[in-house]
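Asker: Mind looking over this structure? Questions follow.
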Amino acid sequence: MGIESLKSKVQKRIHQESIKKDYQEIGTFIKKRRKDLNMTQDMISNGICSISYLSKIENNQIAPNTFFIKEIMSKLDIEEDFVNKNLDDQTYLQKTIQAIFYTNVDSLESIYKDVVDIEDNVTINICKLGYQTIVTNRLSGDPLMRLEAMIMNMNNLELKAYLLFSALYFIGYDDYKTALEVLMMSLSISGGNEYIYALTHEQAYYVKQRLLKKNSSLQHYDEAMRIYRKYFNNNRTMRLTLQKIYYLSDENPKLAFDHIDKVKVELLSDLNRDFYYYNKGRLSFLLERYQESAGYLSHIKEESEMHIDKLLLLYEICLIEDDYDMQEEIKMIISEYKMRRTDMKSKVYYHYLNETKEEDLKMYLRDIAIPFSIKSNNYKMLKFYTDKIMEICIRNSRYKEATQYYKKCNKELERVERILYEV
């Protein structure tokens, strides 16, 4: 799947204003049809549902009940065959997005079981893509490429959902620069609903933070948080809060610690709770409160996704405190730990910690750590490793070489600037 090909198709799709005018998002269609007939919301909703419920349908804020939609369509004098042909597919897509919005895996599983045997249907294939990307983590470019060919036949909600899932695909392969381009494309398209809008802004925030575009990321944080709070989405609100604290920790650990102390741990999901304790452990470490850090980390269990991060932080504490016995114990655990593909950055960092000779460390940074950080678009670690190798060069009066590493790092950062400028 090539980004230039995708951009070309999306741009053509955006400029083709007449695309699929006969049936867009359910709510958009109802609203347009009602106004064309000069009918009020009260006239349409009377005897069917409340005006407020109809308003939410028209603004694509809910996945509407099929019975209500059919009754509304009847009042709008829409043929039953037309309704039945499109209604179920669009409802499945809205329910898929809503399930992702509320992190409802059971609902996603149920939707997938309903649609798994349906073939050659663009809307349903987007639902399947969402399930495969979010739940099964099956990162294959094949369904993305097949759907890319159908972009001209997608309505705005379908297109924005497709682009969000495409961005998640690229994020899964550490291609954050391409993910950023895809997310910015999605945000340039009107329509959709608030659920997809918030999810796209959330991912844009994470991606820009990863690429060290922190200032411009804050607008995405604010937009996503506004909608999550509006719909009382506690799980995503807390996750986003903890992510912001994590990113703040490098700049001002004391302020970040003040913020995390205000988080009510009893309201957190299991995954968010582990991230909370990792954050507190990391902040205590940065504030040189090592025993306190180890105490927070002890809450993270072995089966947690944060387990490898916990081990590395404990290992750093042992290195500082010269706790050789615990160092060996953690080394043994890490050697037996089955690294996932997403754990590679942790593996690279672990080997960095174990390079004790300056010359060996320099070679490791030059040949392994820096190239890996560039390949994985991990600009935070790229900057960290670049600073370390520059320190070694300066200590040995190799100023020209230090400047070369600085320029190489800046060249990577400029690539992100070009993406934002082009968007």
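Asker: Magnitude of the Cβ-charge dipole of the chain, K/R +1 and D/E -1, about the Cα centre, nearest 20 debye? Don't jump to the answer; show the numbers that get you there.
Answerer: On the way: 62 positive and 64 negative charges, 278 e Å.
In total the dipole reaches around 1340 debye.
Asker: Would you list which lysines come within 27 Å of K113, measuring only between C-alpha atoms, while excluding same-chain residues fewer than 8 positions from it?
Answerer: Straight-line reach from K113, under 27 Å: K70, K85, K95, K128, K160.
Asker: As a footprinting exposure proxy, order Y379, Y205, Y112 by other Cβ within 10 Å, with the fewest listed first.
Answerer: Working: Y379 23, Y205 27, Y112 19.
Listing Y379, Y205, Y112 from fewest to most nearby Cβ atoms yields Y112, Y379, Y205.
Asker: Identify, among Y131, Y277, T237, the residue whose Cα sits farthest towards the positive end of the charge dipole of the chain, taking +1 on the Cβ of Lys and Arg and -1 on the Cβ of Asp and Glu, with the dipole about the Cα centre.
Answerer: Value: T237.
Asker: May I pose another question? Using the number of other C-beta atoms within 10 angstrom as an exposure proxy, rank E316, E251, E109, E202 with the fewest first. Present the calculation step by step, with values, prior to reporting the outcome.
Answerer: Values: E316 18, E251 9, E109 13, E202 24.
The order, fewest Cβ neighbours first, is E251, E109, E316, E202.
Asker: For segment 124-214, give the magnitude of the charge dipole about the Cα centre (Cβ charges: +1 Lys/Arg, -1 Asp/Glu; no others), in debye to the nearest 20.
Answerer: On the way: 9 positive and 8 negative charges, 44 e Å.
Once rounded to the nearest 20, the dipole reads 220 debye.
Asker: Mind checking the full-extension length gain between K230 and N215? Use 0.36 nm per residue of separation minus the Cα-Cα distance, one decimal, nm.
Answerer: On the way: separation 15, 0.36 × 15 = 5.40 nm, distance 2.40 nm.
Gain on extension, K230 to N215, equals 3.0 nm.
Asker: Can you put H220, H259 in order, fewest other beta carbons within 10 Å first? Mind dumping the intermediate values first?
Answerer: Values: H220 23, H259 17.
Lowest to highest Cβ neighbour count: H259, H220.
Asker: Still on this structure, I have one more. If you place +1 on the Cβ of every Lys and Arg, -1 on the Cβ of every Asp and Glu, and leave all else neutral, what size is the dipole of segment 357-423 about its Cα centre, to the nearest 20 Debye?
Answerer: Numbers: 15 positive and 11 negative charges, 14 e Å.
Approximately 60 debye in magnitude.
Asker: Let me ask something additional. Between (1) 80, 45, 39; (2) 109, 67, 46; (3) 96, 61, 45, which entry matches Cα extents along the principal axes in Å as derived from the coordinates of this structure?
Answerer: This structure yields the entry labelled (1).
Asker: Among I118, P64, T40, which residue has its Cα furthest toward the positive end of the charge dipole of the chain, with +1 on Lys/Arg Cβ and -1 on Asp/Glu Cβ?
Answerer: T40
Asker: Taking the chain as a Gaussian network, where each spring joins two C-alpha atoms under 10 Å apart, which residue of E401, E412, E58 fluctuates the most?
Answerer: Maximum fluctuation in the GNM of the chain, among the listed residues, is at E401.
Asker: When the C-alpha atoms of segment 239-336 are aligned to their principal axes, what extent does each axis show, in angstrom, from largest down?
Answerer: 36, 27, 18
Asker: I want to verify a result. In a Gaussian network model of the chain, Cα cutoff 10 Å, which of these has the top mean-square fluctuation: A294, A161, A179?
Answerer: Fluctuation is largest for A294.
Bear in mind these aren't lab numbers, they're just calculated from the coordinates by the rules spelled out. These numbers were taken from a predicted model, which means no experiment stands behind them. Cβ: placed from backbone, ideal geometry, glycine included. Neighbour counts: every protein chain shown.
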